[in-house]
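Notes for the one structure printed next.
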Amino acid sequence: MMRRRCLIAGATAFGLVAGAGALALPAANAEEPAVLLSEDFEDGDFGPLTQNGGAALSVVDADGDKALLIKGRANDYDGVKTPANLLQAGGTYSFSAQVKLSAAAGTTTSARFVVEPAYSWVGNTTVSADAWTTVSGTFNAPAGADPATLRAYLGTGDLGAPYDYLVDDVVITGTAEPGDGGTWQPTPDPAFVPGGAVNPTTTPVATARGTGNVVALTFDDGPNPGETTAILDLLRDKGITATFCIIGQNVQADGGAELLRRIVAEGHTLCNHGTSYADMGSWTQAQVESDLKENLRIIRAAGGDPALAVPYFRAPNGSWGATGEVAAALGMQPLGLGNVIFDWDGNDLSEATLTENLRKAFTPGAVVLAHDGGGDRSNTVRAVTTVVGEKLAEGWTFALPSGGASAGETTGITSSFESGTDGWTARGDGVQVTAGSDARTGTGSLLVTNRTQPWHGAALDVTAGLPVGVAVEVSVWAKLAPGQQPASLKVSVQRDNGGGSAYDGVAGAGATVTADGWTQLKGTYTLGGAADKAQVYVEGPVGVDFVLDDFSLAPFAEKPIQTDVPGLKDVLGADGIEHVGVAIDARETTGTAADLIRKHFNAFTPENAGKPESVQPVEGQFAFTQLDQLLDFADANGVEVYGHVLAWHSQTPAWFFKDGTRDLTNSPADQALLKARMEAHIKGIADHIDARYPEGDSPIWAWDVVNEVIADGDTANPHDMRDSRWFQVLGEGFVDEAFRLADRYFPDAALFINDYNTEMPEKRADYLDLIRGLEARNVPIDGVGHQAHVDVARPVQWLEDSIKAVEALNPELLQAITELDVNASTENQGADVSGAPVDPYSPAFENDEDAAAEVGYYYRDLFSMLREHNESVDSVTFWGISNARTWLRTWPMARPWEQPLPFDDDLQVTPAYWGIVDPSRLPARPADVLPPRIADQSDIQAVSNGASGAKVAYTLPSAIDTLDGAVPLNCVPAPGTRFRIGVTTVTCTAADEAGNVRTSSFDVVVTRTLHGKP
């Protein structure tokens, strides 16, 4: 039987005509649809259509005519595709083609046109092997679309194995712009509440928020008692949120309204899927508008909220027509089909097939579509249960689709404490959390008392309201209880995963709080990966009682990064510094922070995820979820990792150093036990990394093997080593042991020793002495790390002297700046987090602009020096991605003035950035208010043979000013003075050209030798 042909007489060809096939570019403002492409394959060619996918294409005889045979179709997209620039932005198009399967009689599947780049389905139709079927539909191209990427292909359904099919009579008609020349506008209605999408576009989105192994899970055609209930139970148990595309008639059916309310209550996002299953592809804008508004009314009535957010719309059957344009105008973001699992009638609906289809649908960044309604979806539920469990175990995370919802529509949390504690609980044994009456607003507040640890406080479970990859602003007002002295409070987040916990400060949410008035603690936070549980909590110094009120967690609109500035990795890489890194945790693996990493850094250091308490909190129980989230990001983005840290005195669980309840000693048995634990810890990490990367392609290029083993002052230990539990049990040899084990288990990584204050002259000498000893004992050390937690008055010359000293010791040793930040305080008492400094910090400048500028000039001088040593300085790592994330803002007290990094609170470049990249763009340097810096000097011991004391010719400490260089130093009593028996304090004074003066002191201790007496 001959098929009816759609030959177009007199079709104008433009650019390319192949036999009977014709291609015409549309006129810019055509008022009537024109034939843009017609192809019947009678000339034996399929041009101007192009091949799509890997199937074999050939023109064959079929049913008495020529047709195109697609042989070996293995993928949805295998077949033909329109050429670039045929479809134009704003155009309205009709597609038509005839399709027949070349398969056994009775075989059926689906076929449709699919328009890239949003993969919008047009005219989805069941096709068979028994007869030719016309596949047709209409499509409105988005106004801002790129004609080069706006292309349509014939998509086909899966049959479980490759198959063949035939195509004929492909015809596309349309206009370049809407017929009326303008954008469609909805019917004016002052009472209408839009869907709630943020800046919706007419182009359907088909990607998930976030990066790496993340998907947006979506469900269509519900709510449906049974299947929807089961899906909700699963999502609740797994701590996952999804997007549900709702059909109005199902809401109005028995149990539908109750299910919809549950969807909303459990934090899921709503999507408008029309009032029924009707295909809207050929509807007018007015018809689409009427249906979408009616479905909004149904959903909101059932939800009991006339402004309930429904920020997405998905076209039934993937047939878009005018729906995308109408949905966007009504405040709903069109949501593309994404990766489907073919769980609708006409496909293989067995549990095994749907499970495999769903596994394939999990691709990084995809929207995944399954059905919870529209028929028996029990096998879909089983498939989702299986695959979601598998993917969670593999570290996959779940997020919202791109665009649409401002996550706050479903994640906003508030606590006013007007009716009690609002779910807040005590954090720590003995802590009391009770309703208070000293309120900032209303009459209620939360009183927190009986705190005996810094981390004690009040906590709120926010797991259900903190979606992955969405930036939120956290705010709470705080006040100290009567009689309390001012103290620093801060807001933090605890993330629990797989038996391990991580603790993140909420960036910016720290301040000095008093008993005299209310202080706002406000900052931003992004949950970088799925957490079993997430809690917000407020903490502060031991013994401080405080009151909280007016807590909120709400969506936060991040400012995009600057794309018109050079990347730090590119600038410094060109200057010979190979690794340019930043300290991060999981929150930086998504959103704007991830964009910043990709642009500016080629390496990162896990800020906490690799530390002993994170990796092995309980002996023998390793927890790698936090670390794996970072490794996933590194893998996905080609970023290297500087591991931190294998052995450290801090953030190491107490069990390392105990036998039951007994503290380990330096007995041979205890030493053997601690060495075995060290090996088990290092080997456990290595085994996990080797299992992840069986080909040896781990992104970890280096490890801090030991960290902070030198004390800041004199100790009785060799090299003034820190009297840590490692040292107490194993002595200096614990460093040797750690390096030998690291070399055994990480043979391809560069192995570093790392410490802070290595630029200080006395500590430099101790550090070098230890390193010299390690090399003499043939310990496999590859590099020396300088943390460089410095300040604007600490001389760059001191750090250069340390770099030169290592170069002189062994020029083959790599050197790394491992934890760089530059504070603008009057104090800098190092980076020993195991003991808080006593003296309070204060800002060195009266205004933040001057502080930022001076930090910029410090970076200028610092990187000018580092570039001169690029033969040995292999790596520079900044300790924090932005000023909002710097630890200096909250340690050891609230320091809101600190601006120590190249990027500000909004991830925009700072003067520090320009100091590195282009110092000519620095602002004017502020007036010199910084006194010279005098190097610390330990007390000097001397012995006198007589009663008159002893002459002590001590060496003057180094005194350097950041602007003037070395400055004169006057010490009294002077070197060479006779010091009396006993203790004499030496006071040293230095002044710079601006008149800034600094003093420091040390003691000379003279003891007398009494001859003939013991």
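The values are calculated or read from the model by the stated rules, or taken from the named source; none is laboratory data. Keep in mind that this is a model prediction, so the values were computed, not measured. Counting neighbours? That spans all protein chains shown, and the Cβs are built from the backbone with ideal geometry, glycine included.
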Original post:
Residues of the stretch 514-568 being surrounded by fewer than 23 Cβ atoms within 10 Å (Cβ to Cβ), aromatic (Phe, Trp, Tyr) and over 28 Å from the mean Cα position of the chain (by Cα), which ones?
Top reply: 518
**OP:** Might you check whether a residue that is among the aliphatic types (A, V, I, L, M), modelled with pLDDT of 95 or more and in a helix (DSSP H, G or I) occurs anywhere in the stretch 698-710?
**Re:** no
Original post:
Any residue in the stretch 892-908 that is surrounded by fewer than 23 Cβ atoms within 10 Å (Cβ to Cβ), over 22 Å from residue 576 (Cα atoms) and touching a Cys at 6+ places or on another chain (Cβ under 7 Å)?
Top reply: no
Subject >> In the stretch 59-95, residue surrounded by the most Cβ atoms within 10 Å (Cβ to Cβ) [restricted to those that are among the polar types (S, T, N, Q) and under 27 Å from residue 342 (Cβ atoms)] >> reply: 82
Original post:
Within the set of pairs 6+ apart or on separate chains, which have a first residue in the stretch 334-351 that is acidic (Asp, Glu), a second that is part of a loop (DSSP other than H, G, I, E, B), and C-beta atoms under 6 Å apart?
Top reply: 348/160
Subject >> Top-ranked residue in the stretch 100-146 [being among the acidic types (Asp, Glu) and free of Cβ contacts under 8 Å to residues at least 40 places away in the same chain; ranked as farthest from residue 322 (Cα to Cα)] >> reply: 130
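Residue-by-condition table, conditions (1) in contact (Cβ under 8 Å) with a residue 40 or more places away in the chain; (2) more than 24 Å from residue 744 (Cα to Cα); (3) out of contact with any Ser or Thr (no Cβ under 6 Å at 6 or more places or on another chain):
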site: 620; (1), (2), (3): yes, no, yes
site: 632; (1), (2), (3): yes, yes, yes
site: 645; (1), (2), (3): yes, no, yes
site: 655; (1), (2), (3): no, yes, yes
site: 661; (1), (2), (3): no, yes, yes
site: 669; (1), (2), (3): no, no, yes
site: 676; (1), (2), (3): no, no, yes
**OP:** From the list 955, 977, 999, 989, pick out the single residue that is surrounded by 15 or more Cβ atoms within 10 Å (Cβ to Cβ) and under 29 Å from residue 826 (Cα atoms).
**Re:** 989
Original post:
If a residue has to be surrounded by fewer than 24 Cβ atoms within 10 Å (Cβ to Cβ) and under 30 Å from residue 591 (Cβ atoms) to count, how many in the stretch 210-228 make the cut?
Top reply: 2
Original post:
Out of the stretch 385-398, which residues are over 19 Å from residue 232 (Cβ atoms) and either without any contact (Cβ under 8 Å) to a residue 60 or more places away in the chain or in contact with a Lys or Arg (Cβ under 7 Å, 6 or more places away or on another chain) (or both)?
Top reply: 390, 393
**OP:** Search the stretch 500-517 for residues that are on the phi > 0 side of the Ramachandran plot and pair each with any residue that is of a type outside the set (D, E, K, R) and in a strand (DSSP E or B) when their beta-carbon atoms are under 8 Å apart and the residues are at least 6 apart or on different chains.
**Re:** 508/523; 508/524
Original post:
Of the residues 1004, 972, which is surrounded by fewer than 18 Cβ atoms within 10 Å (Cβ to Cβ), among the aliphatic types (A, V, I, L, M) and at pLDDT 95 or above?
Top reply: 972
Original post:
Among the candidates 942, 947, 990, which residue alone is touching a residue at least 24 places away in the same chain (Cβ under 8 Å) and either closer than 30 Å to residue 855 by Cβ or of a type in the set (D, E, K, R) (or both)?
Top reply: 990
**OP:** Being in contact with a His (Cβ under 9 Å, 6 or more places away or on another chain), touching a residue at least 12 places away in the same chain (Cβ under 8 Å) and outside the structural domain of residue 498 (by TED's automatic domain parsing) narrows it down to one of 377, 382, so name that one.
**Re:** 377
**OP:** Just one of (1) out of contact with any strand residue (DSSP E or B) (no Cβ under 7 Å at 6 or more places or on another chain); (2) modelled with pLDDT of 85 or more trips up residue 87, so point out which.
**Re:** (1)
Subject >> Residues (of a type in the set (Asp, Glu) and closer than 19 Å to residue 486 by Cα) located in the stretch 508-545 >> reply: 516, 539, 545
**OP:** Restricting attention to strands (runs of 3 or more DSSP E) lying wholly within the stretch 898-1014, give those where 3 or more residues are closer than 26 Å to residue 888 by Cβ.
**Re:** 959-961, 997-1008
**OP:** Need at least 3 residues that are without any contact (Cβ under 8 Å) to a residue 60 or more places away in the chain and assigned by TED's automatic domain parsing to the domain that holds residue 911 per element, so show me which strands (runs of 3 or more DSSP E) inside the stretch 729-834 make the cut, counting only ones lying wholly within it.
**Re:** 750-755
**OP:** Would you check which residues across the stretch 839-885 are at pLDDT 95 or above, hydrophobic (A, V, I, L, M, F, W, C) and touching a strand residue (DSSP E or B) at 6+ places or on another chain (Cβ under 9 Å) and list them?
**Re:** 851, 855, 862, 863, 866, 873, 876, 878, 879, 881
Original post:
Would a scan of the stretch 649-659 turn up a residue that is more than 37 Å from the chain's Cα centre (by Cα), β-branched (Val, Ile, Thr) and surrounded by fewer than 22 Cβ atoms within 10 Å (Cβ to Cβ)?
Top reply: no
Subject >> Flag for residue 171 being modelled with pLDDT under 95 and either outside any loop (DSSP other than H, G, I, E, B) or not aliphatic (A, V, I, L, M) (or both) >> reply: yes
**OP:** Check residue 923 against each of (1) without any contact (Cβ under 8 Å) to a residue 40 or more places away in the chain; (2) under 30 Å from residue 847 (Cβ atoms) and name the one condition it does not meet.
**Re:** (1)
Original post:
Got a sec? Which of 912, 924 is small (Gly, Ala, Ser) and crowded, with 24+ Cβ neighbours inside 10 Å?
Top reply: 912
